[in-house]
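Written out below as structure tokens is the structure these notes cover.
The values are calculated or read from the model by the stated rules, or taken from the named source; none is laboratory data. Keep in mind that this is a model prediction, so the values were computed, not measured. Here the Cβ positions follow ideal geometry from the backbone for every residue, glycine too, while neighbour counts run over all protein chains shown. Just the protein is used for accessible areas: all its heavy atoms, side chains included, with ligands, DNA and RNA removed. Shrake-Rupley method; radii C 1.70, N 1.55, O 1.52, S 1.80 Å.
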Amino acid sequence: MTGERRTIKVDYLARVEGEGSLVVKLRGGKLDSVQLSIFEPPRFFEALLRGRALGEAPDITARICGICPVAYQMSAVHALEDALGIVVDGPLRALRRLLYCGEWIESHALHIHLLHAPDFLGYPDVAAMARDHRVAVQRGLELKKAGNAVLTLLGGREIHPINVRVGGFYRVPTRAELRPLEETLRRARDAARETVRWVAGFEFPNLERDYELVALRHPSEYPLNEGRIVSSRGLDVAPHDFESCFVEEHVPHSTALHAHRTGGGPYLVGPLARYALNHDRLSPLAREAAREAGLGETCRNPYRSVIVRAVEVLWACDEALAIIAAYEPPAAPAVPFAPREATGHAATEAPRGLLYHRYRIDAAGTIVDARIVPPTSQNQRTIEHDLEQVVTAGLDLPEAELVGRCEHAIRNHDPCISCATHFLTLRREEA
Amino acid sequence: MSAARGGGESRVRARVIGLGQAAAGDDGIGLAVLDALRTTALPGDVELVAAPDASALLDLLGGADAVVLVDAVLGGSPGDVLDLAPEDLAQRGAPTFSTHGLSVPQAIELAQVLGDGPPVALRIVGVVVERPNAPRVGLSPAAAAAVPAAAARVRALVGA
């Protein structure tokens, strides 16, 4: 076998959230295996939640990620409210959507401009890219700031917001307090439109994947906090049924769990899935921008996810402005509740895709059991399948170029390894 | 709304930025040094600012004649206080902590590329810490012992 086996390891994967490693094994000039390994120890958040008061869950789970804390807060409160049998509606529901829009804007803007664009334009990082694309980078930073402004106003601070509670918020804004956001978001909407045009001009490798796309679908809205879990292959279930439809399992090479459909294969959550399954729920402006950018109603090229993210930023600006325009402060900042013994489930749409939470609580309101399934662990197997295709198509490339393509393919899915466990690294070695 | 140095904004003479998170063990060293600086009088034209992560630096590295950044660094003996120029970060291979997209050297470089005001004299006071291997709130003894020396170094750099 000497001379026939080759292993490519990429030890440190830059520009993803966290650390892990990628090991590609080749044998006889052909692809043997691809393993996206996450070796950072898991953080046992689910165990940490046991024995805590249910009201603590949104703030504890927010700590899972510094980029998408709102997603964790939203899935936590909706699952607990499901257990408690309360419904948070009207302005409180709208404010939660507004907060989530802020997170989508800041998270997507960061990924598009600072992390993903350098791959397309051939720069090692955003600082190098900014020398030649200064206006675009400044636009991205302005967009991120606009998202952060929403988080700061509604959440109390931009990282790990502290104003979300089971039943609603600790404090809600007045109309006058929301008003300054309108100007910020109008400018952001213009910037987002420009960003869609910018990323649509990138060159995209040819890769069409037959993903099973999985996302929430709501009767009338582009999905954030509510909806049924649907797939491109006909799945249509309530969030309660998540655990009977999807399985997570340990694999030896990773401390993050791998997910697949029960009795089926891997699937994809995130912008491509949301877009394909909810294209008709986008605002007219976002749909128009998508059309101009050359996106059909479905996009299965993972590289083009950068356009879909930009369209979602535009949509989120639009949606946030609509929410602010219609806002009338609620009578109370939160809906009261009484603890009871029950189990609750919820799925919401984190920027990176479907985020499922399940809690069992006792009569005193203490969490007895918790389950959290983040988007990155759901996508991990699918990312490996993308990599198999990228490596197979690039076997003749110089190794540095092949590694670059692998890194780019991983970043297509904006993995948040901090959420899946904690960190990610990419390693490369010749045997 | 310039991403980096606001040319039209009022400039301060010196800004000290403490980078880090108090709930992340020795990563909070920058904040601890700010606390130490607050215990003694500083000239009124010296501004003290806490930054939670490297991306916050983009807004803080302009609008001042001089900026001193205080952060935890890896490499060397824990407790050592390093006085570094931006270019030393890469040359000395002293990585700083960052998990969210931008490293400190990248944030500094990006702020310099995007900045449109006059250049800022930037120094980095780095406190060498042990590679973190367990969750910890508050500083390790070695890092805590280095706070007075780091604060003194900052004072010297801002002429206080």
Inset, instruction - Calculate, for chain A, the solvent-accessible area per residue in square angstrom, rolling a 1.4 angstrom probe over the heavy atoms of the protein chains. - result: 36 Å²
Inset, instruction - Any chance you could list P(r) for segment B:12-157, counting all Cα-Cα pairs in 5 angstrom bins from zero, rounded to whole %? - result: 2, 10, 22, 25, 22, 13, 5, 1, 0
Legend entry - Protection proxy ranking, peptides B:14-26, A:260-272, average beta carbon neighbours within 10 Å, highest first: B:14-26, A:260-272
Inset, instruction - May I ask for the longest run of chain A untouched by GluC sites (Glu not before Pro) that are loop-located per DSSP and have at most 14 neighbouring C-beta atoms (other than their own) within 10 Å? - result: A:5-202
Inset, instruction - Compute log10 of I(q)/I(0) for the protein assembly as shown with the Debye formula, placing one identical point scatterer on every Cα and leaving out solvent, at q = 0.08, 0.09, 0.10 Å⁻¹, to two decimals. - result: -0.55, -0.71, -0.88
Legend entry - Rounded Å value of the spacing that divides the Cα centres of segment A:351-388 and segment B:106-160: 37 Å
Legend entry - In Å², nearest 10: area of residue A:44 left accessible to a 1.4 Å probe: 140 Å²
Legend entry - Between 0 and 90°, nearest 10: helix A:134-155 axis offset from chain A longest Cα axis: 30 degrees
Inset, instruction - Under a 10 Å cutoff between Cα atoms, tell me which one of A:311, A:150, A:390 has the largest fluctuation in the Gaussian network model of chain A. - result: A:390
Legend entry - Area projected by the alpha carbon convex hull of segment A:352-391, averaged over all directions, nm²: 3.3 nm²
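Would you mind classifying segment A:45-378 by shape? Square roots of the alpha carbon gyration tensor eigenvalues, ordered a ≥ b ≥ c; an a/c under 1.5 is rounded, otherwise it is prolate if a/b is larger than b/c and oblate if not.
Details: a/c = 1.73, a/b = 1.24, b/c = 1.40.
Here segment A:45-378 falls in the oblate category.
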Legend entry - Using θ = phi - 60° and Karplus 6.51 cos²θ - 1.76 cosθ + 1.60, couplings along segment A:106-122 (whole Hz; Gly, Pro as x): 6, 5, 5, 4, 4, 5, 4, 7, 8, 10, 9, 4, x, 4, 6, 9, x
Legend entry - Nearest-10 value in Å² for the accessible area of residue A:240, using the 1.4 Å probe: 90 Å²
Legend entry - Buried area at the B-A interface (accessible, heavy atoms, 1.4 Å probe, summed, Å²): 1800 Å²
Legend entry - Size-normalised alpha-carbon gyration radius of segment A:299-362, reference 2.2 N^0.38 Å: 1.67
Legend entry - Whole-Å semi-axes of segment A:227-380's equivalent ellipsoid (Cα gyration tensor): 30, 26, 12
Legend entry - Listed residues A:322, A:200, A:71, most fluctuating in chain A (Gaussian network, C-alpha, under 10 Å): A:322
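Using a probe of 1.4 angstrom, how much of the accessible area of chain A is carbon and sulfur, in percent?
Details: 7770 of 15580 Å².
Carbon plus sulfur share of accessible area: 50 percent.
Pull out a ≥ b ≥ c, the square roots of the eigenvalues of the alpha-carbon gyration tensor of segment A:159-250, then state rounded if a/c is under 1.5, prolate if not and a/b is larger than b/c, and oblate in the remaining case.
Details: a/c = 2.44, a/b = 1.19, b/c = 2.06.
The shape class here is oblate.
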Inset, instruction - State in Å² the accessible area per residue of chain B; use a 1.4 Å probe, count heavy atoms of protein chains only, and round to the nearest integer. - result: 42 Å²
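With charges set only on the Cβ (+1 for Lys and Arg, -1 for Asp and Glu), what does the dipole of the protein assembly as shown come to about its Cα centre, in debye to the nearest 20? Could the numbers behind the result be given before it?
On the way: 62 positive and 74 negative charges, 87 e Å.
In debye, rounded to 20, the protein assembly as shown gives about 420.
In segment B:12-157, what percentage of the DSSP-assigned beta bridges are antiparallel, given to the nearest 5?
Here the share of antiparallel DSSP bridges comes out near 20 percent.
Just check segment A:53-171 against the gyration tensor rule for me: Cα atoms, a ≥ b ≥ c as the square roots of the eigenvalues, rounded for a/c under 1.5, and otherwise prolate or oblate depending on whether a/b exceeds b/c. Intermediate values should be presented prior to the final figure.
Numbers: a/c = 3.14, a/b = 2.51, b/c = 1.25.
Prolate.
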